[in-house]
Amino acid sequence: MVCMLNRYLATFLVCFHLIGTSVLADDSGLQSSEPEVPQRLVSTDGSLTEIVYALGYGSHLVGVDTTSTYPREAKALPQIGYKRALSVEGVMSLMPDMVLTTDDSGPAIVIDQLKQAGIKLQNYSAAPELASVKEKILGVSEQLGIPDQGKALWAQVLTQIESAMNRPLPEKPAKVLFVLSFSDRSPMVAGSETVAHLMINLAGGVNAASGFDGFKPISAEALVEMAPDVVLMMEGRNPQVTSDTLFLKPGFNQTPAASDQRLITMDGMMLLGLGPRTGLAIDTLNKALYSGQALVSAKSGLADD
């Protein structure tokens, strides 16, 4: 019965939206279409939410996903669920005239249903590369009708990224293992072709798990072989895990990181979001990795594409 009611609700919302967004008559009797600049935005990605706020258009947001935790104002907005598990009803109930998505927003059936309902979706790359930051900032500003402000924001973010990458580094970079989720038997870690891999490299470290792509559970034996100097995790993702408990676990207790209890935790959206705080994330991770060490070299600048 509940599922049937949800289907009826979704159908009603779809029809209502189609009627509400059809061609309207103005005072002169002539017909006009929707305004180009969206007045009711829904964001399915925390980095896109941050960009909207950074451009000064936070008041246009009427709903966000659960990864939209920054700035603080975003957390007070109606939520539409996790970005990979959206619902048609949750999005449609907010009557958006544009939904901002990334390649990993979903599931695909929901994205298709929103398109069929006549909702305008604007999609951006989720590729683990700095070019994604530029695409999102310039793309969102274009949709908001403020391309010059987008260019200015990207220039600011790029300057922060270049400054962070040009910090002095030690001769021997730290081997860093990013742990996405933790279990006694098989922690899930980040290999190559991930944002974690990118950020570790940009901060002057080396990904200890670069021998495979994507995320993969690993054994205690594999962990010992990777021999990370530092373990990196997201704040709040595994709240029960502290340096005191982590480095008592099999595999972790035999790594170089265990000798100095080197566990770094960071705001997950800042670290992995590839949004306006990317430069701050690089700088924060760099300082956490190398604070107090003798620094003798520097990275080259980042060429703007």
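The values are calculated or read from the model by the stated rules, or taken from the named source; none is laboratory data. Note that the structure is a prediction, hence the values are computed from the model and not measured. We place every Cβ from the backbone using ideal geometry, glycine too, and count neighbours over all the protein chains shown. These accessible areas exclude ligands, DNA and RNA; they are computed on the full protein's heavy atoms, side chains included. Shrake-Rupley method; radii C 1.70, N 1.55, O 1.52, S 1.80 Å.
For segment 80-129, with every protein chain kept in place, what is the accessible area per residue (1.4 Å probe, Å²)?
Result: 42 Å² per residue.
Need the full-extension length gain, SER59 to ASP260, defined as separation in residues times 0.36 nm minus the C-alpha distance. One decimal, nm.
Between SER59 and ASP260, full extension yields an extra 67.8 nm.
Which ³J(HN,Hα) values in Hz, rounded to whole numbers, follow from the phi angles of segment 244-254 under the Karplus curve 6.51 cos²θ - 1.76 cosθ + 1.60, where θ = phi - 60° and Gly and Pro get x?
Each residue's phi maps through the Karplus curve to give 5, 8, 4, 7, 9, 6, x, x, 4, 6, 10 Hz.
Which whole-Hz couplings ³J(HN,Hα) result when phi for each residue of segment 62-79 is put into the Karplus expression 6.51 cos²θ - 1.76 cosθ + 1.60, θ = phi - 60°, listed in order with x for Gly and Pro?
So the J values, rounded to whole Hz, are 10, x, 9, 8, 6, 7, 7, 10, 9, x, 4, 4, 5, 5, 8, 7, x, 9.
State whether segment 104-227 is rounded, prolate or oblate according to the following rule on the C-alpha gyration tensor (a ≥ b ≥ c being the square roots of its eigenvalues): a/c under 1.5 gives rounded; otherwise a/b larger than b/c gives prolate, and the remaining case gives oblate.
Since a/c reaches 1.5 but b/c is at least a/b, the shape of segment 104-227 is classed as oblate.
How many nm is it between the label spots at LYS216 and GLU171, if each spot is 7 Å from the Cα in line with the beta carbon?
3.2 nm
Kindly write out, for segment 98-110 in residue order, the coupling ³J(HN,Hα) from the Karplus curve 6.51 cos²θ - 1.76 cosθ + 1.60 (θ = phi - 60°), rounded to whole Hz, with x marking Gly and Pro.
Once θ is set to phi - 60°, the couplings for segment 98-110 become 7, 10, 8, 10, 10, 4, 9, 6, x, x, 4, 4, 5 Hz.
Can you list the residues, at least 5 places off or on another chain, whose amide H is less than 5 Å from the amide H of GLY63, using H built in the peptide plane?
Placed amide hydrogens put SER43 under 5 Å from GLY63.
Which value in nm describes the separation of the simple spin-label points at ASN123 and SER183, placed 7 Å from the Cα toward the beta carbon?
Those two pseudo-labels are separated by 3.1 nm.
Hey, can you grab everything whose amide H is under 5 Å from the amide H of ARG40? Only 5+ residues off in sequence or another chain; H modelled, so Pro and N-termini drop out.
Those qualifying (amide H under 5 Å, at least 5 residues apart or on another chain) are ASP97, MET98.
Name the shape class, rounded, prolate or oblate, that the alpha-carbon gyration tensor gives for segment 152-200, where a ≥ b ≥ c are the square roots of its eigenvalues, rounded holds for a/c under 1.5, and otherwise prolate holds if a/b is larger than b/c and oblate otherwise.
Taking the square roots of the gyration eigenvalues as a ≥ b ≥ c, segment 152-200 is oblate.
If you roll a 1.4 Å probe over the heavy atoms of the protein chains, what accessible area per residue do you get for segment 216-293, in Å²? Show your work: numbers first, answer last.
Details: 3450 Å² over 78 residues.
Dividing the accessible area of segment 216-293 by its residue count gives 44 Å².
Simple spin-label model, 7 Å along Cα-to-Cβ: GLU193 to GLU235 in nm?
In this crude spin-label approximation the distance works out to 3.2 nm.
Report, to the nearest whole %, how much of the accessible area of segment 93-206 belongs to carbon and sulfur atoms, 1.4 Å probe, protein only. Don't jump to the answer; show the numbers that get you there.
On the way: 2390 of 4750 Å².
Using a 1.4 Å probe with all protein chains present, segment 93-206 comes out at 50 percent carbon and sulfur.
Please sort 201-209, 229-237 by packing, taking for each peptide the average over its residues of neighbouring beta carbons within 10 angstrom, highest first.
Values: 201-209: 23.0, 229-237: 19.4.
Averaged packing, sorted descending, gives the order 201-209, 229-237.
Do the alpha carbons of any pairs in LYS83/LYS216; LYS134/LYS172; LYS249/LYS287; LYS75/LYS134 sit beyond 29 Å of each other, and which pairs?
LYS134/LYS172
Give the shape of segment 163-271 as rounded, prolate or oblate, defined through the alpha-carbon gyration tensor: a ≥ b ≥ c are the square roots of its eigenvalues, a/c under 1.5 means rounded, and otherwise the shape is prolate if a/b is larger than b/c and oblate if not.
Working: a/c = 1.42, a/b = 1.38, b/c = 1.03.
In terms of gyration-tensor shape, rounded.
Provide the gained length on full extension for the span LYS151 to THR66, in nm with one decimal, where the gain is 0.36 nm per separating residue minus the Cα-Cα distance.
This chain segment gains 27.8 nm when fully extended.
Which cross-chain or sequence-distant (5 or more) residues have an amide H under 5 Å from the amide H of ASP267, H modelled 1.01 Å from N in plane?
The answer is GLU235.
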